[in-house]
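A.B. asks: Could you have a look at this structure, given as structure tokens, before my questions?
The values are calculated or read from the model by the stated rules, or taken from the named source; none is laboratory data. Here the structure is a predicted model, which means the values were calculated and not measured. Note: ideal-geometry Cβ built from the backbone for every residue, glycine included; neighbour counts use all protein chains shown. Note: accessible area is taken over every heavy atom of the protein model, side chains too, but ligands, DNA and RNA are not part of it. Shrake-Rupley method; radii C 1.70, N 1.55, O 1.52, S 1.80 Å.
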Amino acid sequence: MLIDFHTHTTASDGTLSPSELIDRALASNIELLAITDHDTVAGYQAAATYYNLNPGQMRLLSGVEFSCRWSGATLHIVGLGMDCDHPTMKSGLRTMALAREARGEKIADRLEALGYVGALRGALEKVGSGQLGRPHFAQWLVEQGHVADTRRAFDRYLGRGKTGDVKTFWPDLAEVVSWITNAGGVAVIAHPLQYRFTRTKLCRLIVDFKDSGGTAIEIVNGRQSGDQVAQLKRAAAQYNLLVSAGSDFHRESPYGAQLGVELRALGDLQGVWEHWTAPKSIEVHS
Ligand code: AMP
Ligand code: ZN
Ligand code: FE
Ligand code: FE
């Protein structure tokens, strides 16, 4: 059985529209799908509307990937199965939309200070129906010929610790976890190894996350080594966390993962999917 609890669409920085992602997931025989755009549920909502008109065998869950701050770092927390119309969730989403706008202006100011004039307008032109993020600035820098490709844009200007890595606008970990849990969703620490924390710091994060009401950890995110998955399985077992898994699909690429994760490969830990595997019906929160 294939599932996928971490995917992006054009509502944030993916390249497939919500309906294209649904079609791709159906063609890939995925049985459980969550759309988890950065700080917005617009992708999920558009996908749900589309899928309701032509329902198939797949179950679609609401999802989001919130940016937040913890101990000086930016983290991503995935929310699954929450009620997108819950007042706390709605106000959280509004907070994030405003934070993204203000952060985008600051990133642009910093790029302009380096001489890259027109960064804000240029990045906004790339956003389309999505929400402004660093990938849009990267696209603009590439298009302008300031850097050869996206990877270099992140390495030089936008990646961790670089001038465009603006994190001051994000809310604290505990706040975004509370938005998700108040709205009846499950909060998941996304790609825990991407933050490059020491083991001690990762354990400290897990403890704080659990204290805030978080209950799950992502043990598969895109392409990961067997060692990494095993390490995260041990952490999940040690801290009694549910496990989640997803491709973090953004686009068709020889480097990134394809949609879908094989459930059997995840072993016998208790998964977030157990909330949603039966009975099979479409679950739609508008
Ligand atoms: P933002 O939400 O604006 O902070 O942008 C984060 C997104 O940028 C991530 O979810 C990735 O899609 C993308 N990203 C982050 N680091 C890199 C990188 N080094 N190269 C390419 N894309 C990246
Ligand atoms: Zn992304
Ligand atoms: Fe992420
Ligand atoms: Fe993601």
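A.B. asks: Quick one: of the DSSP bridges fully inside region 62-214, what percent are antiparallel, nearest 5?
C.D. replies: Here the antiparallel bridges make up roughly 90 percent for region 62-214.
A.B. asks: How much of the accessible area of the chain, probe 1.4 Å, is carbon plus sulfur, in whole percent?
C.D. replies: Solvent-exposed carbon and sulfur of the chain make up 48 percent of the total.
A.B. asks: Based on the Kirkwood radius over alpha-carbon pairs, what is the Stokes-Einstein translational diffusion coefficient of region 98-239 at 37 °C with 0.692 mPa s viscosity, in µm²/s? Numbers along the way, then the final one.
C.D. replies: Working: Rh = 17.2 Å.
The Stokes-Einstein estimate is 191 µm²/s.
A.B. asks: Averaged across orientations, what area in nm² does the convex hull of the alpha carbons in region 187-243 project?
C.D. replies: 3.5
A.B. asks: Still on this structure, I have one more. Please go through region 206-248 and write out the trypsin sites (Lys or Arg not before Pro) that DSSP classes as loop and that have at most 14 other C-beta atoms within 10 Å.
C.D. replies: When the trypsin sites (Lys or Arg not before Pro) of region 206-248 are filtered for loop state and at most 14 Cβ neighbours within 10 Å, R223 remain.
A.B. asks: Still on this structure: Looking at region 30-76, send over the antiparallel percent of its DSSP beta bridges, to the nearest 5.
C.D. replies: 50
A.B. asks: In the chain, what is the count of Lys pairs whose alpha carbons are under 26 Å apart, counting only pairs at least 8 residues apart or on separate chains?
C.D. replies: 15
A.B. asks: Out of the DSSP beta bridges found with both residues in the chain, what percent are antiparallel (nearest 5)?
C.D. replies: 45
A.B. asks: Another question, if that's okay. Using each residue's phi in region 216-224, evaluate 6.51 cos²θ - 1.76 cosθ + 1.60 at θ = phi - 60° and report the 3J(HN,Hα) Karplus result to the nearest Hz, with x for Gly and Pro.
C.D. replies: Result, ordered by residue: 9, 9, 7, 9, 10, 9, x, 8, 10 Hz.
A.B. asks: While we're on this one: Explain nothing, just compute: Karplus ³J(HN,Hα) = 6.51 cos²θ - 1.76 cosθ + 1.60, θ = phi - 60°, for every residue of region 150-162 in order, whole Hz, x for Gly and Pro.
C.D. replies: Per residue, the Karplus-derived 3J(HN,Hα) values read 4, 4, 5, 4, 6, 4, 8, 10, 10, x, 3, x, 8 Hz.
A.B. asks: Skip the ligands, DNA and RNA, and give the accessible area per residue of region 68-151 with a 1.4 Å probe, whole Å².
C.D. replies: 46
A.B. asks: Next up: Given a 1.4 Å probe, how much area per residue of region 180-286 is accessible, in Å²?
C.D. replies: 50
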